Amino acid sequence: MYRYDEFDSRLVAERIEQFSDQVARRLDGRLTEDQFKPLRLMNGVYLQLHAYMLRVAIPYGELNAARLRALADIARRYDKGYGHFTTRTNIQFNWPALVDVPHILKDLARVEMHAIQTSGNCIRNVTTDALAGIAADEVEDPRPWCELIRQWSTFHPEFTFLPRKFKIAVIGAPKDRAAMRTHDIGLEIVRDDTGALGFRLFVGGGQGRLPHIASELKSFIPAEELFAWLTATLRVYNRHGRRDNIHKARIKILVASLGLDAFRAEVEEAFAALPKAPLAVPEAEVERIKAYFAPRPYAAAPPRFAAFDRALMTDPAFARWTRNNLRPHKQPGYAAVVISLKPVGGVPGDATAEQMDRVADLAERFSFDQVRVTYEQNLLLPHVAMDDLPELHAALGRAGLAEANAGLAADIISCPGLDYCSLANARSIPVAQALSERLSDPVFQDAVGEVRINISGCINACGHHHVGHIGILGVDKQGEEFYQITLGGSPDETASIGQIVGKGLPGEAVAPAIERVLKAYLARRDAGERFIDTLRRLGADPFKEAIYEAA
Amino acid sequence: MKILTANRLADGAVVWLALGGRWSTEFEDAVRLDPEPAAAALAQAEAQPGRFVAPYLIEADAAGVERRERLRESIRADGPTAGHSLENV
Ligand code: SF4
């Protein structure tokens with residue numbers, strides 16, 4: 001877990017004071033909206049359809065009980081009793097009043113949180129693998145590197161006014177559980193032949209209007225050169241990115257238009273010109289930060305899991321939940337637990353203040369005071385002892401949080417869409433709800449197995465529809481909502497962009513069409529094939545037919 | 001005909017220009033304006049940055065908002081069509 005040092009605390013306190021004054025001057029009319037808008041955006045305050053929206057950064061998705069309780073408290077006092085966890089592992093409050101924002105920011109600062117750089121053309125919150133520090137396939141825990149990047153990028157004077165927003169993801173394993181290749185810069189921790197630690201550096205990923213999967217810029221950069229390579233890459237982008245055209249301003253467009261080799265040559269030239277010593281990653285600092293993320297004081301695994309085994313035999317709901325919502329932990333005797341925020345007919349990623357409080361209690365009791373936000377808009381308790389699982393499951397059930405659908409068809413990723421978002425073309429939430437109800441049969445969900453369904457309310461793709469196995473994009477045709485379906489996207493190490501299958505469907509036709517697609521998969525799959533495997537083997541045609549088949 | 005709408009500065013609430021220069025949080029109160037007074041009302045709202053954010057005009061007739069903007073404006077008027085804020089409004 002990160003900790004604020006003296007610099008963080010001072011910077012955040014100064015920023016709150018500055019922004020409070022700006023809010024006061026806006027409220028008494030001394031600042032116009034044109035003057036104020038860039039200032040509020042720098043502090044995570046958007047204006048949506050019904051109200052202001054405050055986006056709070058959750059550094060690489062990590063929370064403890066105190067932080068989660070502070071979020072619950074804000075939801076209760078300043079919002080309508082809930083918050084929305086996003087695909088960037090942040091949380092959004094949909095209803096804060098502008099006059100309250102300074103108070104909210106003070107409450108956040110008390111638990112070392114803020115809303116800085118959650119908007120605007122700067123380096124945003126770094127994201128990572130929700131199984132960081134847990135997964136057995138990991139070369140090294142990516143979180144200390146996320147923390148280093150967080151410190152380096154916060155208020156970075158050179159990179160505060162980039163051509164466009166900039167997103168970085170770091171993973172520590174060859175398996176990509178963070179959609180790393182959809183980021184402006186992606187980093188994968190690797191070791192070279194000598195065993196030295198470093199990164200594969202990816203660049204130019206992005207979703208939105210012109211989606212791109214990131215390309216490998218360097219197959220190995222030594223760990224101590226991380227900041228130098230980041231600086232060189234961002235410097236080239238800062239200089240050559242298209243500031244004249246918002247649709248062409250992301251680094252993905254620059255990489256595509258220059259070509260990867262020419263872009264690499266520019267970055268290498270910028271790298272060569274940089275003074276290396278001041279940018280070298282300080283080893284002592286790395287060690288200090290790594291200590292924050294040291295393994296927990298785990299208990300030795302018992303010879304057998306008496307409570308776990310008993311519950312498995314006697315409680316089918318528990319058994320199903322363990323099959324779908326547990327993720328292996330490298331520490332024997334422990335598992336990571338996905339807390340699904342996708343109840344049947346619910347709003348993907350929403351949690352009530354009460355639920356946040358309950359999860360905070362459970363994190364303290366069962367998971368060494370740690371809880372994470374996943375980019376699939378769920379929560380995760382990273383370190384739960386096997387024999388605690390039955391009790392945890394029961395407690396989650398009482399809070400309405402024991403949905404056993406993690407990674408399944410009903411684990412739908414969805415942006416807020418036109419119900420909240422001022423940029424939206426169509427609603428997302430009602431489509432997600434209808435789909436979740438349609439696919440609610442657990443037997444069907446389990447038969448279908450792993451599949452990713454993503455919904456965005458406009459081409460900005462906050463719901464990651466381009467990289468959903470099944471993507472749903474809301475479009476507006478003369479005031480009517482239609483939904484374009486894409487097939488074959490994937491966010492992992494085999495990343496791909498989904499292809500549009502044909503003309504859009506009206507909202508009520510989406511859920512039945514998706515159900516037919518999943519049935520078509522069940523009818524055609526070979527043994528052991530996931531949905532995406534069958535789709536890749538057969539191509540999209542049989543599934544297109546299923547979509548447009550007259551019901 | 002046109003309707004003038006904005007968000008209220010202090011809390012972001014959606015408001016409409018009503019009869020007698022009053023602003024209301026109820027869409028039902030919104031007055032229909034001819035193009036000229038509508039433009040004047042908009043200019044007046046824009047001149048009060050201490051009260052309103054992003055004022056703009058909506059095309060409307062007696063029956064309601066023109067079709068292209070109908071859904072967006074009905075969501076602004078009635079709130080989200082789904083989700084937690086329904087129970088908590
Ligand atoms: S994808 Fe579009 S509609 Fe959805 S949250 Fe992003 S900007 Fe809004």
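The values are calculated or read from the model by the stated rules, or taken from the named source; none is laboratory data. None of these values were measured; they are calculated from a predicted model. Backbone-built Cβ (ideal geometry, glycine too); neighbour counts: all protein chains shown. For the accessible areas, the whole protein counts, side chains as well, though only heavy atoms, and no ligand, DNA or RNA atoms are used. Shrake-Rupley method; radii C 1.70, N 1.55, O 1.52, S 1.80 Å.
May I ask you to give the solvent-accessible area per residue for region A:297-453, in square angstrom, as obtained with a 1.4 angstrom probe?
Numbers: 5590 Å² over 157 residues.
Accessible area per residue, region A:297-453: 36 Å².
Distance cut-off 28 Å, Cα to Cα: go down the list A:K37/A:K248; A:K37/A:K252; A:K218/A:K290; A:K37/A:K218; A:K218/A:K342; A:K165/A:K276 and report the pairs above it. Don't jump to the answer; show the numbers that get you there.
On the way: A:K37/A:K248 22 Å; A:K37/A:K252 26 Å; A:K218/A:K290 25 Å; A:K37/A:K218 38 Å; A:K218/A:K342 38 Å; A:K165/A:K276 26 Å.
Flagged as over cut-off: A:K37/A:K218; A:K218/A:K342.
Output needed: percent of Cα pairs per 10 Å distance bin for region A:231-377, bins running from 0 to the one holding the longest distance.
Taking all Cα pairs of region A:231-377, the binned fractions are 8, 21, 20, 19, 21, 9, 1 percent.
With the dipole of the protein assembly as shown worked out from charges on the C-beta (+1 for Lys and Arg, -1 for Asp and Glu) around the Cα centre, which of B:A45, A:F155, A:H84 lies farthest toward the positive end?
About the Cα centre, the residue reaching furthest to the positive side is B:A45.
Bin all alpha-carbon pair distances of region A:1-40 at 10 Å intervals from 0 and give each bin's fraction as a whole percent.
28, 38, 22, 11, 0
Kindly identify chain B as rounded, prolate or oblate by the Cα gyration tensor criterion: order the square roots of the eigenvalues as a ≥ b ≥ c, call it rounded if a/c is under 1.5, otherwise compare a/b with b/c, prolate if a/b is larger, else oblate.
Details: a/c = 2.11, a/b = 1.29, b/c = 1.64.
Verdict is oblate for chain B.
Of all alpha-carbon pairs in region A:127-292, indicate the percentage at a distance above 28 angstrom.
Values: 2343 of 13695 pairs.
Every Cα pair in region A:127-292 considered, those over 28 Å come to 17 percent.
Roughly how many percent of the accessible protein surface of the protein assembly as shown is carbon and sulfur, given a 1.4 Å probe and a whole-percent answer?
Working: 13120 of 24860 Å².
Of the solvent-accessible surface of the protein assembly as shown, carbon and sulfur hold 53 percent.
Percent relative contact order of region A:6-110, based on C-alpha pairs within less than 8 angstrom and at least six residues apart? The partial results should precede the final answer.
Numbers: 109 pairs, mean separation 29.6, N = 105.
So the answer I get is 28 percent.
According to a simple spin-label model (label point 7 Å from Cα along Cα-to-Cβ), what is the distance in nm between A:S440 and A:H156?
About 4.7 nm separates the two model spin labels.
How far apart, in nm, are the 7 Å Cα→Cβ label points at A:T32 and A:A317?
The two pseudo-label positions are separated by 5.9 nm.
With +1 on each Lys and Arg Cβ and -1 on each Asp and Glu Cβ, and nothing else charged, work out how big the dipole of chain A is about its Cα centre, in Debye to the nearest 20. Please list the in-between numbers first.
Numbers: 66 positive and 70 negative charges, 186 e Å.
For chain A, the charge dipole is close to 900 debye.
Just the C-alpha atoms of region A:413-548: what Rg/Rh do they give, with Rh taken as the Kirkwood radius? List each step's numbers first, then the result.
Details: Rg = 14.0 Å, Rh = 14.7 Å.
That ratio equals 0.95.
Per residue, what volume in Å³ does the convex hull of the Cα atoms of region A:6-110 enclose?
With only Cα atoms used, region A:6-110 gives 108 Å³ per residue.
Calculate, in whole percent, how much of the Cα-Cα pair population of region A:105-215 lies beyond 22 Å. Walk me through the numbers on the way to the answer.
Details: 2275 of 6105 pairs.
Tail of P(r) above 22 Å: 37 percent of Cα pairs.
Mind listing the phi-derived Karplus ³J(HN,Hα) values for region A:31-48, rounded to whole Hz, using 6.51, -1.76 and 1.60 with θ = phi - 60°, and x for any glycine or proline?
Karplus values, whole Hz, x for Gly and Pro: 10, 7, 4, 4, 6, 7, 3, x, 6, 5, 5, 4, 10, x, 9, 9, 10, 9.
Using DSSP to call loops (not H, G, I, E or B), can you name the GluC sites (Glu not before Pro) in region B:26-89 whose Cβ has at most 16 other Cβ atoms within 10 angstrom? The partial results should precede the final answer.
Numbers: sites: B:E26, B:E28, B:E46, B:E59, B:E66, B:E69, B:E73, B:E87; in loops: B:E26, B:E66.
Counting only loop positions with at most 16 other Cβ atoms within 10 Å, the GluC sites (Glu not before Pro) in region B:26-89 are B:E26, B:E66.
With only Lys, Arg, Asp and Glu charged, each at its Cβ (+1 for the first two, -1 for the last two), find how big the charge dipole of region A:279-359 is about the Cα centre; round to the nearest 20 debye.
Numbers: 11 positive and 8 negative charges, 78 e Å.
With only Lys, Arg, Asp and Glu charged at Cβ, the dipole is about 380 debye.
Share of Cα-Cα pairs in the protein assembly as shown beyond 33 Å, in percent?
The calculated P(r) of the protein assembly as shown puts 48 percent of pairs beyond 33 Å.
At most 15 other Cβ atoms within 10 Å and a DSSP loop assignment: could you name the chymotrypsin sites (Phe, Trp or Tyr not before Pro) in region A:271-367 that fit? Kindly include the intermediate steps, with their values, before the conclusion.
On the way: sites: A:F271, A:Y292, A:F293, A:Y298, A:F305, A:F308, A:F318, A:W321, A:Y334, A:F366; in loops: A:F293, A:Y298, A:F305.
Here the chymotrypsin sites (Phe, Trp or Tyr not before Pro) that fit, given the DSSP loop and packing criteria, are A:Y298.
So what is the relative contact order of chain A, in percent, for Cα pairs below 8 Å that sit 6 or more residues apart?
On the way: 1184 pairs, mean separation 68.8, N = 551.
Here the relative contact order equals 12 percent.
For region A:248-311, which trypsin sites (Lys or Arg not before Pro) pass both filters: DSSP loop (anything but H, G, I, E, B) and at most 12 other C-beta atoms within 10 Å?
Values: sites: A:K248, A:R250, A:K252, A:R264, A:K276, A:R288, A:K290, A:R304, A:R310; in loops: A:R250, A:R304.
Taking region A:248-311 and a limit of 12 other Cβ atoms within 10 Å, the loop trypsin sites (Lys or Arg not before Pro) found are A:R304.
In whole Hz, what ³J(HN,Hα) sequence does region A:409-418 give by Karplus (6.51, -1.76, 1.60; θ = phi - 60°), x for Gly and Pro?
4, 7, 7, 7, 9, 8, 7, x, x, 5
Mind listing the long-range amide H neighbours of A:R427? Cut-off is under 5 Å, sequence gap 5 or more, other chains count too, H placed in the peptide plane at 1.01 Å from N.
The answer is A:L418.
So if the hydrodynamic radius of region A:40-189 is defined as the Kirkwood radius over C-alpha pairs, what does Stokes-Einstein give as its diffusion coefficient at 20 °C and 1.002 mPa s, in µm² per second? Walk me through the intermediate numbers first.
Values: Rh = 16.0 Å.
Rounded, D is 134 µm²/s.
If you take the C-alpha gyration tensor of region A:337-377, multiply each eigenvalue by 5 and take the square root, what semi-axes do you get, largest first, in whole Å? Could you put the intermediate results ahead of the total?
Numbers: eigenvalues 74, 27, 12 Å².
Rounded to whole Å, the semi-axes are 19, 12, 8.
Name the cysteines of the protein assembly as shown that stand alone by the Cβ rule: no other cysteine Cβ under 4.7 angstrom.
That list is A:C122, A:C146, A:C421, A:C458.
Note down the net charge around A:I149, summing +1 for each Lys or Arg and -1 for each Asp or Glu among other residues with Cβ under 12 Å from its Cβ.
Working: positive: A:R124, A:R143, A:R150, A:K167; negative: A:E147.
Value of the local net charge: +3.
Whole-Hz ³J(HN,Hα) for each residue in region A:343-355, computed from phi via Karplus 6.51 cos²θ - 1.76 cosθ + 1.60 with θ = phi - 60°, x for glycine and proline: what do you get?
x, 4, x, x, 9, x, x, 7, 9, 7, 4, 4, 5
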